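The structure appears below as structure tokens.
Every number here is computed from the coordinates shown, using simple stated rules; none is lab data. Quick caveat, the model's predicted, so the values are computed rather than measured. When we count neighbours, we look across all protein chains shown, and the Cβ atoms used for this are built from the backbone with ideal geometry, even at glycine.
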Amino acid sequence: MARVALVVPFDPIHLANPSNATQPPLRIACLAATTRALGHDVTVVDGVGEGFGRHWHWGLGIHLHGLRIDEVVSRIPRDTDVVGVSMMFTQIYPAVRQVLAGLRRRLPEAVIIVGGEGVTGIADEVLRETDTDGVVVGEGEGAWMRILQAAERGQSLEGIPNVVTRAGSLKQQRAMRDTGGIDHLDQLPWPDWDGVPLETYFSEKKVHSATSAARSLPLIASRGCPYTCKFCTAPSTWGNQRYRSADDVVAEMAARIRSHRIEFFSFNDLSMTTHIRWFSDFLDALLAADLRTQWSVPAGIRAQRLSVDILERAQRSGMTHLQIAPETGSTKVLEWLDKRFDLSSVEETVINAKKVGLPVCAYVIVGHPVEEMDDYLATLRFLSRLASLGVDEIAVSAFTALPGSPFFNDMRAEGRIELNDAFYATLAQGDLSLQVSNSPHFSGAQVRALRLHSLLWFYGNRFARRPGDLLGMVGRLLRDEQETKLDRVFQHESMAILRGFAPVLTPQSLAILGQSALHALRAAR
């Protein structure tokens, strides 16, 4: 039996990013369950939960939430045999690099592994810059089982699928990615939350969605994504897409309601509705169980056509709101992104969702490398259309070269990206002052202005068409109720809005803002 420590050191946060809601670390709970099922002794260090509410700054614009580096390291027992460090977000790597150095000094003989979506695209760099023994890329449980087996037997980690070592590069691992996953997900144990301070998360009502419920847990029903969007890390992080059985998912939900009195489930799936038949079966199973709970998919679902029947059953089963991700209103940009759907399907889904009374949020991105002003104006026109159809809110991000995404890999192959601490800092979407442009058509300042203008344009259209919606939002604010993420922002993060917009309000960006508004008005005429 090995003595194992599983660590989430801290997560990124920016006080100007109201959408950055913290949630219990599902990734560590999954690995803890797998580790205990194999008979190993487990210590869980949830640096976010144990340091909840503590915000601090490290290096070049990296804002962190949780324990400090020395506190994380000191919590690992000195007799630990294997340490697994989870890094979900690439922008915190410079600070995690220091954690890894501290762990090696404390545990010179231990096997130290780092994994997670945030490290998958920079595995070779991590091995060059730290004394880590291996980097798990992509899905974790299958690789983690083999790592623990090798460590217990004193064997090398070389050749384990989804594990990059100094003897095997990330490029070699990509060729064998599909062999490192678990084919039948129902065989995996449910996440084990022992060691995670859940009551701390519950007490702060930090839910990664729109709900008034306090007791919330993340959940995942599927693994992988079949699509290859240019901006997304899924193509390099995951292999083929697989689903748990609907009955297994609903059984876990029922168990959590009994054991932890959970009121709301936040599904972390990348593409929960790819297989509509599975999704329909899930809704039927959830309705039959009559759990009387709430749930949503806050990361968004693919903007494909969802029927009134599907959405009506989703709403009756407890779905609180629908988030879709059209990304853009330009057909040219859609084609470049390899999104593989048309905008009419987005509109149809919105119409159907509003028929059954589901609040809808749409996610868009500005500053795509191929996006020009005409494409941006097409996005504004599309936002106007969404406002007229009743979309309740939008989220706007900038196109980012996320490590591991197809665009990032292309840029690195062309020598246009240098991996250093300054680059990692630019990945913090919440800090508009660090916004860089990956487009030859817009500067970083212009991209910042376009983000702000998109928000103002949509909400101006929405409240001009439906002034009652504004009154309804004020009413929910007074009653402390949440129907949309915007409600949560105004109720709990209102100062974050001002902090977020402050870096944009410079003479240069205001001039760009006015220019884009003028272009939009001319195009509307």
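Among residues other than residue 302 with Cβ under 12 Å from its Cβ, the summed charge is +1 (Lys and Arg +1, Asp and Glu -1). Across the alpha-carbon atoms of the stretch 49-141, the computed radius of gyration and Dmax are 12.9, 35 angstrom. The stretch between residue 41 and residue 259 holds 76.2 nm of extra length on full extension. This uses 0.36 nm per residue minus the Cα-Cα distance.
Taking the stretch 84-116 and a reference point 7 angstrom along Cα→Cβ of residue 78, the backbone N atoms nearer than 12 Å belong to 106-108. Descending by average beta-carbon neighbour count within 10 Å, the peptides 29-42, 126-139, 188-201 line up as 126-139, 29-42, 188-201, the highest first. Separation of the stretch 318-339 from the stretch 211-237 is 15 Å, based on Cα centroids. Of interest is the spacing of the C-alpha centroids, which for the stretch 35-63 and the stretch 119-166 amounts to 20 Å. Separation of the stretch 363-417 from the stretch 74-103 is 33 Å, based on Cα centroids. For residue 166 and residue 3, compute 0.36 nm times the residue count separating them, minus their Cα-Cα distance, and round to one decimal in nm. Value of the extension gain: 56.3 nm. Dividing the Cα radius of gyration of the stretch 343-434 by its Kirkwood radius returns 1.08 for Rg/Rh. Using Cβ point charges alone (K and R +1, D and E -1), the dipole size of the stretch 117-162 about the Cα centre works out to roughly 200 debye.
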